Amino acid sequence: MLNHTASRFLFIALFLAVSLPLLPAQNLQTMPDMHWRMIGPFRGGRTRAAAGVADQPNVFYIGQVDGGVWKSNDSGRTWRPIFDHEDTQSIGAIAVAPSNDNIIYVASGEGLHRPDLSVGDGMYRSDDAGKTWTHIGLRQSEQIPAIAVDPENPNVLFAAVLGHPYGPNSERGIFKSTDGGKT
């Protein structure tokens with residue numbers, strides 16, 4: 001006795017086996033206008049962070065737990081990697097400064113305690129909408145799941161740091177910078 005899914009599969013297979021030979025040959029040719037295109041990040045998996053740009057509703061950033069940061073300029077139709085040259089690809093949070101959308105902060109380390117978690121190496125900042133990045137500290141933090149940027153001053157930010165996931169760590173707690181991450 002076949003279950004419902006197997007019965008449906010068998011029906012479709014039989015239908016195609018009987019119907020395809022009856023179709024004219026020109027209907028079975030490949031379509032010349034079809035082209036492969038990249039429609040999103042290649043790596044499947046967990047996306048941990050997402051941010052949009054308020055005055056550019058078509059621009060989005062996503063951060064994957066071990067796949068880096070990706071940017072879309074067309075409302076998510078296509079994506080391109082913008083963080084590939086950095087020392088970590090584990091992303092915990094992304095924040096676009098509300099008062100200057102060229103300033104982006106990325107916190108590394110996914111911050112989700114799981115058996116297969118991915119740790120990071122601190123905070124990064126871009127002053128050119130993700131074209132270049134500067135490491136700005138908290139290198140031993142390993143897990144930063146949240147950051148917040150002051151809505152009026154892009155150099156004032158907070159980072160929620162979990163630290164080492166399985167032991168003591170001096171870089172753990174809430175950290176504040178008033179100089180864009182220099183200190």
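From the list ALA54, ALA50, which one is surrounded by fewer than 17 Cβ atoms within 10 Å (Cβ to Cβ), touching a residue at least 12 places away in the same chain (Cβ under 8 Å) and under 10 Å from the mean Cα position of the chain (by Cα)?
On inspection, the qualifying residue turns out to be ALA50.
From the residues in region 58-116 that are among the hydroxyl-bearing types (Ser, Thr, Tyr) and crowded, with 16+ Cβ neighbours inside 10 Å, which one is nearest to SER126 (Cα to Cα)? Outline the logic, then answer.
Step one: filter region 58-116 for residues among the hydroxyl-bearing types (Ser, Thr, Tyr), giving 61, 72, 75, 78, 88, 90, 99, 105, 108.
Subsequent filtering for residues that are crowded, with 16+ Cβ neighbours inside 10 Å retains 61, 72, 88, 90, 105, 108.
Working: TYR61: 13, SER72: 16, THR88: 15, SER90: 17, TYR105: 7, SER108: 14 Å.
The selected residue is TYR105.
Would you check which residues across region 138-170 are part of a loop (DSSP other than H, G, I, E, B), of a type in the set (Val, Ile, Thr) and under 15 Å from LYS182 (Cα atoms) and list them?
Correct list: VAL156 only.
Going residue by residue through region 155-170, is there one that turns out to be exposed (fewer than 14 other Cβ atoms within 10 Å of the Cβ), in contact (Cβ under 8 Å) with a residue 12 or more places away in the chain, of a type in the set (Ser, Thr, Tyr) and at negative phi?
yes
Is there a residue being among the small types (Gly, Ala, Ser), modelled with pLDDT of 95 or more and either within 26 Å of ASN155 (Cβ to Cβ) or touching a Phe, Trp or Tyr at 6+ places or on another chain (Cβ under 9 Å) (or both) anywhere in region 83-90?
No: zero hits.
Collect the residues in region 117-151 that are among the β-branched types (Val, Ile, Thr) and either at pLDDT 95 or above or surrounded by fewer than 18 Cβ atoms within 10 Å (Cβ to Cβ) (or both), keeping them in residue-number order.
THR132, THR134, ILE136, ILE144, ILE147, VAL149
The values are calculated or read from the model by the stated rules, or taken from the named source; none is laboratory data. Every value quoted in this text rests on a predicted model; they were computed, and no experiment measured them. Positions of Cβ are backbone-derived with ideal geometry, glycine not excepted, and every protein chain shown enters the neighbour counts.
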